[in-house]
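J.: Sharing a structure below in structure tokens format, with a few things to ask.
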Amino acid sequence: MTWIKTIPYEEACGKLRKLYNRVKGPDNNVDNILLAHGLRPASLQGHMGLYKSVLHHSDNSLPKWLLEAIGLCVSLLNKCPYCVEHHYAGMKVLIGDDARSTAIRTALEADLPSDAFHGRELALMQYATILTRNPDHLTEDHIKGLRAEGLSDGEILEANQVAAYFSYANRTVLGLGVRTTGDIIGLSPNDTNDPDNWSHN
């Protein structure tokens, strides 16, 4: 599952067991990216708090499928197959249209987001791409361009945080050799109204 020691659910105790109970899915399954934090439970708590806040929070106004698409875009750019497969599956469920989901993935894999996105959605993909590849190239004019597409500053912040989170998650996965073996692909903490409920379903 990873290149470092992990602590499976059955062997966890104390604070770690309590955290695993908050994030587990069916049959006590804990995603490998989360198991990778087992030796430092505080790191797991921080990771999940950030993840739930930026991607699965009721205060977000951008649609969740679009936030997942931003995550897919960033994960493809960072060549992180673990996050690509997990979040493509999540996006696909949210969109509920296989053809549309396939078109998005194909366009992003080809580095041609304009094949699948237009208007403000395309502007967000372009912003996320620059933020991932060349963050030092961003200027205030990029933000003005997002506003010109009708995005509020709060929505720009949402997209910024999702893109930044995925670069963190991608580097966690790639740096520790996390694989999807044993994972249930596409689960997410969908209770957006309870910030303390991290349960995956």
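The values are calculated or read from the model by the stated rules, or taken from the named source; none is laboratory data. None of these values were measured; they are calculated from a predicted model. Cβ atoms come from the backbone with ideal geometry, glycine included; neighbour counts cover every protein chain shown.
J.: Taking residue 67 as the residue in question, decide whether it is under 20 Å from residue 184 (Cα atoms) and modelled with pLDDT of 95 or more.
T.: Criteria not met by residue 67.
J.: Can you tell me which condition residue 102 does not meet? The list is (1) of a type in the set (Val, Ile, Thr); (2) farther than 24 Å from residue 23 by Cβ; (3) surrounded by 15 or more Cβ atoms within 10 Å (Cβ to Cβ), and all the others hold.
T.: Failed condition: (3).
Yes/no per residue for (1) within 19 Å of residue 155 (Cβ to Cβ); (2) acidic (Asp, Glu); (3) modelled with pLDDT under 95; (4) buried (at least 20 other Cβ atoms within 10 Å of the Cβ):
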site	(1), (2), (3), (4)
122	yes, no, no, no
125	yes, no, no, yes
131	yes, no, no, yes
140	yes, yes, no, no
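J.: Would you call residue 66 crowded, with 17+ Cβ neighbours inside 10 Å, closer than 22 Å to residue 178 by Cα and touching a residue at least 12 places away in the same chain (Cβ under 8 Å)? Step through it out loud before you land on a result.
T.: Values: crowded, with 17+ Cβ neighbours inside 10 Å: yes; closer than 22 Å to residue 178 by Cα: no; touching a residue at least 12 places away in the same chain (Cβ under 8 Å): yes.
It is false that residue 66 is crowded, with 17+ Cβ neighbours inside 10 Å, closer than 22 Å to residue 178 by Cα and touching a residue at least 12 places away in the same chain (Cβ under 8 Å).
J.: Restrict the check to the range 49-71 and report whether at least one residue is over 21 Å from residue 154 (Cα atoms) and in a helix (DSSP H, G or I).
T.: Looking through the range 49-71, none of the residues is over 21 Å from residue 154 (Cα atoms) and in a helix (DSSP H, G or I).
J.: Looking only at residues that are touching a helix residue (DSSP H, G or I) at 6+ places or on another chain (Cβ under 7 Å) and among the hydroxyl-bearing types (Ser, Thr, Tyr) in the range 1-60, which one is nearest to residue 163 (Cα to Cα)?
T.: Restricting to residues being touching a helix residue (DSSP H, G or I) at 6+ places or on another chain (Cβ under 7 Å) and among the hydroxyl-bearing types (Ser, Thr, Tyr), the top hit is 51.
J.: Okay, moving on. Considering only residues that are at positive phi and either in contact with a helix residue (DSSP H, G or I) (Cβ under 7 Å, 6 or more places away or on another chain) or not in a helix (DSSP H, G or I) (or both), which ones fall in the range 110-124? So that I can check it myself, show each step before the final result.
T.: The first filter runs over the range 110-124 and keeps only residues at positive phi, leaving 111, 119.
If the condition is that a residue be at positive phi and either in contact with a helix residue (DSSP H, G or I) (Cβ under 7 Å, 6 or more places away or on another chain) or not in a helix (DSSP H, G or I) (or both), then 111 is the only one that fits.
J.: Let me ask another. Within the range 27-45, does at least one residue satisfy the condition of being part of a loop (DSSP other than H, G, I, E, B) and touching a Lys or Arg at 6+ places or on another chain (Cβ under 7 Å)? Give the derivation first.
T.: Of all residues in the range 27-45, those part of a loop (DSSP other than H, G, I, E, B) come to 29-31, 36-40.
Among the residues that remain, those that are also touching a Lys or Arg at 6+ places or on another chain (Cβ under 7 Å) are: 30, 39.
Scanning the range 27-45 turns up at least one residue that is part of a loop (DSSP other than H, G, I, E, B) and touching a Lys or Arg at 6+ places or on another chain (Cβ under 7 Å).
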